[in-house]
1. Take ASP61 and tell me if it is in a loop (DSSP other than H, G, I, E, B), surrounded by 15 or more Cβ atoms within 10 Å (Cβ to Cβ), in the same structural domain as ASP112 (by TED's automatic domain parsing) and not small (Gly, Ala, Ser).
2. Does the stretch 113-135 include one or more residues that are surrounded by fewer than 18 Cβ atoms within 10 Å (Cβ to Cβ), in the same structural domain as ILE179 (by TED's automatic domain parsing) and without any contact (Cβ under 8 Å) to a residue 40 or more places away in the chain?
3. I want to confirm something. Restricting to the stretch 450-483 and keeping residues that are under 30 Å from GLY400 (Cβ atoms) and of a type in the set (D, E, K, R), which single residue is surrounded by the fewest Cβ atoms within 10 Å (Cβ to Cβ)?
4. Which of the numbered conditions does MET233 fail, given that it passes all the others? Conditions: (1) without any contact (Cβ under 8 Å) to a residue 60 or more places away in the chain; (2) assigned to a helix (DSSP H, G or I).
5. Go through the stretch 334-349 and report how many residues are in contact (Cβ under 8 Å) with a residue 40 or more places away in the chain and either closer than 30 Å to ALA270 by Cβ or touching a strand residue (DSSP E or B) at 6+ places or on another chain (Cβ under 7 Å) (or both).
6. Would you check which residues across the stretch 98-125 are aliphatic (A, V, I, L, M) and modelled with pLDDT of 95 or more and list them?
7. Looking at the stretch 69-88, is at least one residue free of Cβ contacts under 8 Å to residues at least 24 places away in the same chain and either within 30 Å of PRO313 (Cβ to Cβ) or not in a helix (DSSP H, G or I) (or both)?
8. Please enumerate the residues belonging to the stretch 179-228 that are touching a Ser or Thr at 6+ places or on another chain (Cβ under 8 Å), at negative phi and small (Gly, Ala, Ser).
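The values are calculated or read from the model by the stated rules, or taken from the named source; none is laboratory data. Quick caveat, the model's predicted, so the values are computed rather than measured. Cβ placement follows ideal geometry from the backbone for every residue including glycine, while neighbour counts extend to all protein chains displayed.
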Amino acid sequence: MATYLVTGATGLIGRHFVRELLDRDDVDRLWLLVRAQSQERLARAARDWPAADRVRTVVGDVSQPGLGIAADALGDLAGVDHVVHLAALYDVTADDETSITANVEGTRNVIDLAAELGAGCLHHVSSVAVAGDYRGRFTEEMFDAGQRLVTPYHRTKFESERLVRTQTRVPWRIYRPAIVVGDSVTGEMDKIDGPYYFFAALSRLNSLPNVPLLFPDIGDTNIVPVDYVARAMAHLVNEPGLDGRAFHLVSPEPQPAKEVYNAFARAAGAPLAAAELSRRLSGPLLGLVRFAENVPGVSIARDAVLDRLGIPPVLLTTLTFEPRFESAETRKALAGSGVEVPNLADYADVLWRYWREHLDPFRARRHGQRGELDGRRVVITGASSGIGRATALKVAAAGGVPLLVARREVELEEVRTEIAAAGGQAYVYPCDLTDDESVAKTVSAMLAEQPSVDMLVNNAGRSIRRAVRLSYDRMHDYERAMAINYFGAVRLILALLPHMTERKFGHVVNVSSIGVQGIAPRFSAYVASKAALDYFSKIVATETHGAGITFTTVHMPLVRTPMIRPTKIYDAFPTKSPEQAADMVMDALVSRPKHIGTPTGFAIQAAYAVAPGLVDAVAYQGYRIFPDSTGAGGNDRIKLGKGERNLTAAATALAKLTRGFHW
């Protein structure tokens, strides 16, 4: 009966290895080193372990001398038969300092403790990465063969194995797994690694026509499932007479990149690679790509595309192997155990399904069968009336779930009832967007009650039409406009961004104004607040691009809503209905473009870019012929009654020419 001390038991290989050990009859006691913050994670893993009563937890950390184990716990560990060192940082994207601390210093501390305990054998889990860019056959007996080590991960795995090999205080065995993927039976995997980085890009290919692809010969890789690694180790650790040897836990034959692609492409429903571009032809093309990396701007453009797909650029140089890993001695040691490497093509679909359900970093971007809004939770501010109400009805009709936000709860409930009567679903969240605490409580309630928040429509707003000459003593007009139109919207965006960032998906629609595209006299307070939100969103969109969070600005023309009712001259203006305006918002939600507007708005924007002085002159004429309203402190000369629209001929012509513009 043997005793064991295992580090890294909460990791993917560690969990599977411990389960395999506990299935054996010759295991007496199993101590698992676990960091204090990982104890709950270990407890969750232990629920599936057989004979868990043989397991004991030792709190510590490999980065600490003596592994940080309390002195009173060391006595129980004295003379332990096997120290199995699995704890390491398996990340080719990590920097030198992080990798050295985890892989090199951690291994040094494990060696010291194993020697102090008088352990029977130190079992060190290394990696085929120690072979670096060695060209040719790399056997289990080989180690330092003049290879180049291309990343901090490669270098620190090499150095940690060197520490184990060169010490003489405790017998050792070394295990070098290839690229480890999920369980070949369950698909279980704990993180995105190796080929998984390319799954998101592969999933996009399933929308392409199913035509054969020409695949470049970029070399071979070597992939094994975690259950094979765990079963092989459980046998080799307990097999006598193997000290001082290394074992390659690899596929016996290299796996061409084309075959690996096709295995996962079949599972994903993506086009298959029918033919391979020979190494003689693909080699120069790959060389051209490497050369282009040194051309200014090319690497930036490449990295931007890869970042959008979640692929670290370093993966392009580490996914295939120069060396061919021999494993004849390892297979000889495993003979009779029944432990064999399964064929990747036989379990690729299992890995794919698990990734799609549990690991796809972009799974939040998937929509239901009814379309882009099916099942989406869409926050809509100002939802009690006007554009917000009309948008909520349309979102619900498209299969979305509107989260209705406004100050007046009674009116929101009326909208919710109307949606429910039509067979839809909506939720009511009364909120004062100008108040920090109110917004915080509202968002907290949403995130607690909803499975997610996918989209946000910032529609709530305040319009102020007043000439600056009437505003000299009305600073509060500008403050009120900014409070709801800018700060209210920003407050809600900031509250939802952490949630959207974590899910790598989110879309924000800001209902702005056509006035931002041109020069709108009398709207210095309103348009300035909308312009502030426009530019806030432009800048934030660059910072959240990699998280899959997008923004659409809708430069809305004049819409006949309660907000424009106090300005009586607008009764004579051509306007959109709330339903027509909601169609623009729906386009923003479904298609998610950067900008939506009207031909008039684009024309005014273009004119100002080309001839700003002329646009100023035209706008000044509009300022003269359209009067201040009585409510704004002016003398509204327009008398409207019995359907008459007594605008001057010039005013009528300008209103029609600039259809939808705020005068």
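1. Yes.
2. No, the stretch 113-135 contains no residue that is surrounded by fewer than 18 Cβ atoms within 10 Å (Cβ to Cβ), in the same structural domain as ILE179 (by TED's automatic domain parsing) and without any contact (Cβ under 8 Å) to a residue 40 or more places away in the chain.
3. Looking at residues that are under 30 Å from GLY400 (Cβ atoms) and of a type in the set (D, E, K, R), I get ARG462.
4. Going through the list (1) without any contact (Cβ under 8 Å) to a residue 60 or more places away in the chain; (2) assigned to a helix (DSSP H, G or I), MET233 breaks only (1).
5. So the answer is 9.
6. VAL104, VAL110, ILE111, LEU113, ALA114, ALA115, LEU117, ALA119, LEU122, VAL125
7. So in the stretch 69-88, the residues free of Cβ contacts under 8 Å to residues at least 24 places away in the same chain come out as 70-73, 75.
Now narrow it down to the ones that are either within 30 Å of PRO313 (Cβ to Cβ) or not in a helix (DSSP H, G or I) (or both): 70.
Yes: one or more hits.
8. Of everything in the stretch 179-228, nothing turns out to be touching a Ser or Thr at 6+ places or on another chain (Cβ under 8 Å), at negative phi and small (Gly, Ala, Ser).
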